[in-house]
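Asks: Dumping the structure here so I can ask a few things about it.
The values are calculated or read from the model by the stated rules, or taken from the named source; none is laboratory data. Everything numeric here is computed off the predicted structure, so don't read it as measured data. Virtual Cβ from ideal backbone geometry, glycine too; neighbours counted across all protein chains shown. Surface accessibility is based on the protein's heavy atoms, side chains included, excluding ligands, DNA and RNA. Shrake-Rupley method; radii C 1.70, N 1.55, O 1.52, S 1.80 Å.
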Amino acid sequence: MAAHLSYGRVNLNILREAARRELREFLDKCAGSKAIVWDEYLTGPFGLIAQYSLLKEHEVEKMFTLKSGRLPSADVKNIIFFVRPRLELMDIIAENVFSEDKLHSSRDFHILFVPRRSMLCEQRLKEQGVLGSFINIDEYILDLIPYDGDLLSMEYESAFRECYLENDQTSLYHTAKGLMTLQALYGTIPQIYGKGECARHVANMMLRMKREFAGSQNQILPVFDTLLLLDRNVDLLTPLATQLTYEGLIDEIYGINNGYVKLPPEKFAQKKQGESSKDLPTEPKKLQLNSAEELYAEIRDKNFNAVGAALSKKAKIISAAFEERHNAKTVGEIKQFVSQLPHMQAARSSLANHTSIAELIKDITTSESFFDNLTVEQEFMTGVDTDKVNTYIEDSIAQKDPLIKILRLVCMQSVCNNGLKQKVFDYYRREILQTYGYEHLLTLNNLEKAGLLKPQTNSRNNYPTIRKTLKLWMEDANEQNPNDISYVYSGYAPLSIRLTQVLARPGWRSIEEVLKMLPGPHFEERQQLPAGLHKKRQQGENRTTLVFFLGGVTYAEIAALRFLSQMEDSGMEYIIATTKLINGTSWIKSLMDRPESQTP
C-alpha cells in the first residue's frame, strides 16, 4: 500500500486518494462488466495510483494493450479506452471499434483521455466515422503523480523537447493545472519564485487561473510556504553529468521506470547444489524502489562509495538480531522473537537484493572506461581544456562507442565553455556524422536549438564566473559523511540546487549578477491568502518549499535536496515536483530524431 506517501512533512496520500476517487467515479459511470484497453505508456503511472484490485472491485474483468487490428475477445458489456490525446492512437482506436462493431452490436464504448480531452482527437475519431460509437468521452486529470513521500512527477516525457524545440507550451498548461489541483488540496502557496522563460509562463497561468476562480477561495491552511519554479535550461549541465549516488547510478545503468527497475537475473538466483547454469532464470528481475523499503530509504541518496560500508553495517545488525534467538529462554521472549521474525526476514531479503545490486554497479564503476569517462567530465566541470578538441572524445568516436555517450560529453564540453569554437564544433559534427551516419544531422540540429551543443558567439564564457560565485566545484568532497551537496557528483554541486539553497538563505539578491548570466527572467510573486489563514510559525518549525523542475530532474538532484532538508540548520524542508524524472541518456534520447534506430 501507499503508507510511505504519508510519512513526510506533506501527506501526499491526499493527492493519491483524490486521484483514486475520480477513477472510481468514472468506472461507475459505465455500468456492467468492463474491459480496459490501455495506451501502454499509461500503465506505469497508473500503477502508482491504483492496483488491479481497485479496478476489479469496479467490475473490470479484462485488460488489454492498445494495438491495431482486432481487440482480443472478452465477454464484457463495456470497453473503455484509456489513452493520451495523440492523433496516431485515435486511428488505432477507430480500427478496434470497426472490427468490434461487425461482431458485437451490443457493446458500449467509452474513452478516457489522460490528462486532458482534445478537440483534435475527437475530430479525428469523427473523420474515421466512429465518434458516434462512444457513450462516454471523458478526461481523467492525472497531472502530478506521487512517486514517494517527497516526490511528485507528471511523467510527461516530451516536456523539455516541446518547450525548447517545438515552442509548444502544452506541458506548461498541464503544470499550471497540476499546481492548481495541489493548491486546492493543500492550500494557496503564498510565495512564488521562479527562474526561466517557462517558469514565468507557468506562474502567469497560475495567477490567471486564480483570478478566474476568485469567488471560490479555498479555506485550507497553507501547507507549503514557497513554490520555486526552475527551468531545466537554466542548468543544462547537471543532467549531462554521471550521477554518483546509489539511486542515480541504478538509473544511469539500468533505468528506473515508474519506481521499478529491471535487473539481470543471474545475480539474484539462489543456485542450488548440482544445478546446472542453464536452469537459472532468464527473465529480468523486477524490483520496486521507494522509501517503503527501510534499507533503500537509508542508502539511496548516499554517494556510491559510502554504500558498501552502510550495507556491511546493516548485515552485522541483522545477523546480531537473528542470533538473539539463542538468548530467548522464556516463553515471553520466544514469543517476542517470533513476532519480530517477518520484519527481520524482510530486512534480510532486502539486504540480499541491495548487496547484489551494489555488486552489479561496482563491476561497472570500477572499470577503466567508467573512470576515464568520469575524469573527462570532471575536467570539463572544472574548466580544464574546454576550448579544444578532447582526445578522449576523439578516441571514443574512433572506437564507435555508443552515440549517446559521445553526445553527453560533447554537450557537456559545449555547456562548460558557453559554446564551442567554430573549428572545434565543426570537427565534432563532421566526425559524428561520418562515424554514426548522416541521419543524425537532425539530432545535432536539435541539440543546437536546445542550447546544448552550439558554436560560440562573441559573448564571453560566463561559466567560470558562475562556478566560482556559486561554488559549483568543491575540492575534496566528503563522500562518506557529506557536509555539502557536492557529494552527489563527487565534487560538483548541481547548479539548480545551489540556486535553491541560496534562495533559502541569504536570498537571490546576493547573486543578482549570476542570475542575469543564466537564461530567462527571475521573479517573485505573492498570492494573497484569505483572512485568518496566515500561518503562525512555532519556534524552530521548518518552512516547506515545493521545488518544481520544468523539463525534468535527476535522482542526484533529488538526493541533494533531501540532504538540504536533513541539514540541522537549514530550517527548510523540500518537496520535489517535476515534469519527468530523467537522466542524461533518457534526456538526450528525447531530443534525438529517429532514436529507435539508435543502438543503446
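Asks: So with the 1.4 Å probe, I'd like the accessible area per residue for the chain, rounded to whole Å².
Replies: 46
Asks: What nm value, rounded to one decimal, do you get for the distance between Gln527 and Arg460 when each label is placed 7 Å out toward the C-beta?
Replies: It works out to 4.1 nm between the two label points.
Asks: For segment 63-116, what is the per residue volume of the convex hull drawn over the alpha-carbon atoms, in cubic angstrom?
Replies: Enclosed volume per residue, from the Cα hull, is 76 Å³.
Asks: Restricting things to alpha carbons, tell me how big the chain is in terms of Rg and Dmax, in Å.
Replies: Spelled out, the Cα radius of gyration and Dmax of the chain are 25.9, 82 Å.
Asks: Of the beta bridges DSSP finds with both residues in the chain, what % are antiparallel, to the nearest 5?
Replies: Just about 25 percent of them are antiparallel.
Asks: Projected onto the charge dipole of the chain (+1 at Lys/Arg Cβ, -1 at Asp/Glu Cβ, origin at the Cα centre), which of Leu503, Pro402, Asn290 gives the Cα projection farthest towards the positive end?
Replies: Leu503
Asks: Rank-order 312-318, 187-193, 487-493 by packing density, defined as the average count of other C-beta atoms within 10 Å over each peptide's residues, highest first. Don't jump to the answer; show the numbers that get you there.
Replies: Numbers: 312-318: 13.1, 187-193: 19.7, 487-493: 25.4.
With the highest mean Cβ count within 10 Å placed first, the list reads 487-493, 187-193, 312-318.
Asks: Mean residue ellipticity at 222 nm from the helices of the chain, using -39,500 (n - 2.57) per DSSP H segment of n ≥ 4 over the full residue count, to the nearest 500 deg cm²/dmol?
Replies: On the way: 22 runs with 265 residues, N = 600.
Per the formula, -13500 deg cm²/dmol.
Asks: How much length would be gained if the chain were fully extended between Tyr173 and Ser106, taking 0.36 nm per residue of separation minus their Cα-Cα distance, in nm to one decimal?
Replies: 20.2 nm
Asks: Sort 381-388, 321-328 for me by packing, meaning the mean count of neighbouring Cβ atoms within 10 Å per residue, highest on top. All intermediate terms of the calculation are to be shown ahead of the outcome.
Replies: Details: 381-388: 16.5, 321-328: 11.9.
Per-residue mean Cβ counts within 10 Å order the peptides as 381-388, 321-328.
Asks: Same structure again: Based on the Cβ-Cβ distance of Tyr427 and Met63, what FRET efficiency does E = 1/(1 + (r/R0)^6) give at R0 = 60 Å, to the nearest 0.05?
Replies: For R0 = 60 Å, the calculated efficiency reads 0.70.
Asks: Further, regarding this structure: For Lys400, which lysines qualify as cross-link partners when the Cα separation must be under 19 Å and same-chain residues fewer than eight apart are set aside?
Replies: In chain and number order, the partners are Lys589.
Asks: Roughly speaking, what is the centre-to-centre gap between segment 428-455 and segment 498-537 when only Cα atoms are used, to the nearest Å?
Replies: 37
Asks: If r is the Cβ-Cβ distance from Asn136 to Asn258 and R0 is 22 Å, what FRET efficiency results, to the nearest 0.05? Please list the in-between numbers first.
Replies: On the way: r = 27 Å, r/R0 = 1.21.
The pair Asn136/Asn258 has a calculated efficiency of 0.25.
Asks: For segment 3-142, with the dipole built from +1 on Lys and Arg beta-carbon atoms and -1 on Asp and Glu ones, taken about the Cα centre, which of Phe26, Ala94, Leu131 lies farthest toward the positive end?
Replies: The residue sitting most towards the positive pole is Phe26.
Asks: How far is the Cα center of segment 1-29 from the Cα center of segment 123-151, in Å?
Replies: Taking the Cα centre of segment 123-151 as reference, the centre of segment 1-29 is 19 Å away.
Asks: Note down the net charge around Glu283, summing +1 for each Lys or Arg and -1 for each Asp or Glu among other residues with Cβ under 12 Å from its Cβ.
Replies: My count for the surroundings of Glu283 gives +2.
Asks: I would also like to ask the following. Which value, in debye to the nearest 20, gives the size of the charge dipole of the chain about its Cα centre, when Lys and Arg are +1 and Asp and Glu are -1 at the Cβ?
Replies: Details: 72 positive and 77 negative charges, 176 e Å.
Using Cβ point charges on Lys, Arg, Asp and Glu, the chain gives about 840 debye.
Asks: While we're on this one: Which whole-angstrom value gives the distance between the alpha carbon centres of segment 551-594 and segment 359-409?
Replies: Between the Cα centre of segment 551-594 and that of segment 359-409, the gap is 22 Å.
Asks: Related question: Label point 7 Å out from Gln219 along Cα-to-Cβ: which residues of segment 167-187 have amide N under 20 Å?
Replies: From segment 167-187, the list is 183-187.
Asks: Just the number: Rg to Rh for segment 3-142, Cα atoms, Kirkwood Rh, two decimals. Present the calculation step by step, with values, prior to reporting the outcome.
Replies: Numbers: Rg = 15.6 Å, Rh = 15.7 Å.
Rg divided by Rh gives 0.99.
Asks: What are the lysines whose alpha-carbon lies under 22 Å from the alpha-carbon of Lys77, with same-chain residues fewer than 8 places away excluded?
Replies: Partners found: Lys29, Lys34, Lys56, Lys62, Lys67, Lys102.
Asks: Where in segment 328-355 is the amide nitrogen less than 12 Å from a point lying 7 Å along the Cα-to-Cβ axis of Lys267?
Replies: 352-355
Asks: Continuing with this model, one more query. Could you rank the peptides 18-31, 544-557, 578-591 by their average count of other C-beta atoms within 10 Å per residue, with the highest value first?
Replies: Ranked by mean Cβ neighbours within 10 Å, highest first: 544-557, 578-591, 18-31.
Asks: What FRET efficiency comes out for Leu374 versus Glu127 if R0 is 60 angstrom and r is the Cβ-Cβ distance? Round to the nearest 0.05.
Replies: 0.65
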